[in-house]
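S.K.: Structure provided below as structure tokens; questions to follow.
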Amino acid sequence: MKATVLKDKCCGYGICAEICPSIFKVDDQGFAYVEDSEVSDDLVEAAQEASESCPESAIVVE
């Protein structure tokens with residue numbers, strides 16, 4: 001699976017990084033990004049939870 005942050009939708013809530021810090025990080029301006037888009041099997045559930053919790057639907061996990 002791969003994780004992506006849709007930068008044009010991200011408003012910097014940081015919920016994704018709180019839920020799944022192994023995949024989602026927050027840059028100096030407060031916006032989320034993915035350091036490594038590959039989601040390992042043990043992180044799939046957390047990455048999907050982060051996606052579902054994003055108020056702006058800016059996280060895609062597929």
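S.K.: Determine, for each peptide in 15-25, 36-46, the mean count of other beta carbons within 10 angstrom over its residues, then list the peptides with the highest first. Show your work: numbers first, answer last.
M.R.: Details: 15-25: 18.9, 36-46: 12.8.
Output ranking for 15-25, 36-46: 15-25, 36-46.
S.K.: Turning to a different aspect of this structure: Which value, in debye to the nearest 20, describes the size of the charge dipole of the stretch 3-61 about its Cα centre when Lys and Arg Cβ atoms bear +1, Asp and Glu Cβ atoms bear -1, and nothing else is charged?
M.R.: 260 debye
S.K.: Taking 0.36 nm per residue of separation and subtracting the Cα-Cα distance, what length does fully extending A17 through E35 add?
M.R.: Values: separation 18, 0.36 × 18 = 6.48 nm, distance 1.13 nm.
Computed gain between A17 and E35 is 5.3 nm.
S.K.: Report, in degrees rounded to the nearest 10, the 0 to 90 angle that the Cα long axis of helix 44-53 makes with the longest principal axis of the chain.
M.R.: Its long axis makes an angle of about 30 degrees.
S.K.: Order of 1-13, 49-61 by packing, highest average Cβ count within 10 Å first?
M.R.: Per-residue Cβ counts within 10 Å, averaged per peptide and sorted highest first, yield 49-61, 1-13.
S.K.: Here's something else I'd like to know. Once you put a point 7 Å from the Cα of E45 and another 7 Å from the Cα of D27, both along the Cβ direction, what distance in nm separates them?
M.R.: 3.2 nm
S.K.: Rounded if a/c is under 1.5, else prolate if a/b beats b/c, else oblate: with a ≥ b ≥ c from the C-alpha gyration tensor eigenvalues square-rooted, which is the stretch 3-61?
M.R.: On the way: a/c = 1.70, a/b = 1.43, b/c = 1.19.
Taking the square roots of the gyration eigenvalues as a ≥ b ≥ c, the stretch 3-61 is prolate.
None of the figures in this text is laboratory data; all of them are computed from the coordinates on show. A quick note: this is a predicted structure, and the numbers were derived from the prediction, not measured. Neighbour counts are summed over all protein chains in view; Cβ atoms, including those assigned to glycine, are modelled from backbone coordinates with ideal geometry.
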